[in-house]
Amino acid sequence: MIEEMIAYQKELWDIVMANKQSNPMASIRAIESLHSLTNDIARIVDLAPSMAGGDSATSSQYFPS
């Protein structure tokens, strides 16, 4: 699930960069979606250790210290 969300992030960044000059509204909408998606990923990463019995390996895989 998190891998899919990270793939969405990459795709949204591609949209932002491709439309920066030619279609700024598309970039703005993609940035709004990125913000929401990033918050969702952060919540999942925060919950992962408690769901895995306190194992922090999941969070460090995606957000190394």
Under the condition of being polar (S, T, N, Q) and either at pLDDT below 85 or over 18 Å from Glu11 (Cβ atoms) (or both), which residue from the stretch 25-63 is surrounded by the most Cβ atoms within 10 Å (Cβ to Cβ)?
Ser59
Quick one: in the stretch 1-24, of everything that is surrounded by 10 or more Cβ atoms within 10 Å (Cβ to Cβ) and polar (S, T, N, Q), which residue is nearest to the chain's Cα centre (by Cα)?
Gln9
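The values are calculated or read from the model by the stated rules, or taken from the named source; none is laboratory data. A quick note: this is a predicted structure, and the numbers were derived from the prediction, not measured. Here Cβ is always computed from backbone atoms with ideal geometry, including for glycine, and neighbour counts include all displayed protein chains.
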